[in-house]
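**Q** Below is the structure I would like to discuss, written out as structure tokens.
The values are calculated or read from the model by the stated rules, or taken from the named source; none is laboratory data. What you are looking at is a predicted structure, and each value in this text was computed from that prediction instead of being measured. Please note: Cβ atoms are built from the backbone with ideal geometry, for glycine as well, and neighbour counts cover all protein chains shown.
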Amino acid sequence: MTPLSLLQKRRAFKRRIEEFRPRLFRLACSWCHNPDLADDLVQEALLKALKNAQQLRDPEAFESWLFSILNNCWRDHFRRRREIEDIDNVVLIEEMTPSHYAEQQNIVDKVRSAVASLPAGQCQVLTLVDLEGLSYMEVAEVLEIPIGTVMSRLCRARKTLAGKLLEFQPEQHQSPNRLRRVK
């Protein structure tokens, strides 16, 4: 090829790219909804197309080739824009971390197990008073037992429950600086 034919081919390629510019701009605007950004993306895509014109092997694929370049510029825009944050600098807003939730669920499971192990009468009174918020009189009416029985069952249930739950007290909640008397 002569230098003149190369120059003519290059001019024809530039003209074709320039004719395609409005379509690229329309597409970029539909993607980013910002005319200024769309113009920047189209300009970047056209510069890359001019710089890499030799990579276009099939002239029939010119349109898809330019669209691909624009798409890559769009992706590059997001990569450059992505904020990278050091995870060590992240301050947890939530006071409740997954380990807190797991610990709470463990406590709930232990309480449920301890309540389930109570005798039926104590379990009924305890759940009606402490979980459902009924008065002693209402519990007596519901269970058809005297109010004194409600109070005694509730007292025994709470003492039994406290004893069982103290067995489950995790060592980590005990004060490490706690002094014990040694004889």
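**Q** Conditions first: (1) within 24 Å of Leu7 (Cα to Cα); (2) surrounded by 15 or more Cβ atoms within 10 Å (Cβ to Cβ); (3) out of contact with any Phe, Trp or Tyr (no Cβ under 8 Å at 6 or more places or on another chain); (4) not aromatic (Phe, Trp, Tyr). Leu47 passes all but one, so which condition is the exception?
**A** Exception for Leu47: condition (2).
**Q** Just to be sure I understand the filter: pairs with C-beta atoms under 7 Å, separated by 6 or more residues or on different chains, first member in the range 1-12 and at positive phi, second member modelled with pLDDT of 75 or more and β-branched (Val, Ile, Thr). Which pairs pass?
**A** none
**Q** Could you tell me whether Asp109 is acidic (Asp, Glu), under 38 Å from the mean Cα position of the chain (by Cα) and under 30 Å from Lys164 (Cβ atoms)? Talk me through it step by step, then tell me what you get.
**A** On the way: acidic (Asp, Glu): yes; under 38 Å from the mean Cα position of the chain (by Cα): yes; under 30 Å from Lys164 (Cβ atoms): yes.
So Asp109 fits the description; yes.
**Q** Inspect the range 83-97 for any residue being closer than 30 Å to Leu41 by Cβ and hydrophobic (A, V, I, L, M, F, W, C) and give the result as yes or no. Please lay out each step first, then the result.
**A** Within the range 83-97, the first condition is being closer than 30 Å to Leu41 by Cβ, and the residues that meet it are 83-86.
When the remaining residues are screened for being hydrophobic (A, V, I, L, M, F, W, C), the result is 84.
Within the range 83-97, one or more residues are closer than 30 Å to Leu41 by Cβ and hydrophobic (A, V, I, L, M, F, W, C).
**Q** Just to be sure I understand, how many residues within the range 29-45 are more than 10 Å from Cys73 (Cα to Cα) and of a type in the set (Gly, Ala, Ser)?
**A** 2
**Q** Looking for whichever is of a type outside the set (D, E, K, R), farther than 30 Å from Lys14 by Cβ and modelled with pLDDT under 85 here; the options are Ile93, Ile145. Which one fits?
**A** Numbers: Ile145 fails: modelled with pLDDT under 85.
Step by step, each of Ile93, Ile145 is checked, and only Ile93 is of a type outside the set (D, E, K, R), farther than 30 Å from Lys14 by Cβ and modelled with pLDDT under 85.
**Q** Pick from Ile84, Ile69, Ile17: which is at pLDDT below 85 and surrounded by 13 or more Cβ atoms within 10 Å (Cβ to Cβ)?
**A** Values: Ile84 fails: surrounded by 13 or more Cβ atoms within 10 Å (Cβ to Cβ); Ile69 fails: at pLDDT below 85.
Only one candidate qualifies: Ile17.
**Q** Quick one: in the range 115-155, which of the residues that are among the polar types (S, T, N, Q) and farther than 20 Å from Leu166 by Cα is surrounded by the most Cβ atoms within 10 Å (Cβ to Cβ)?
**A** Narrowing the range 115-155 to residues among the polar types (S, T, N, Q): 117, 122, 124, 127, 135, 149, 152.
Filter again for farther than 20 Å from Leu166 by Cα, leaving 124, 135, 149, 152.
Details: Gln124: 18, Ser135: 12, Thr149: 15, Ser152: 14.
The selected residue is Gln124.
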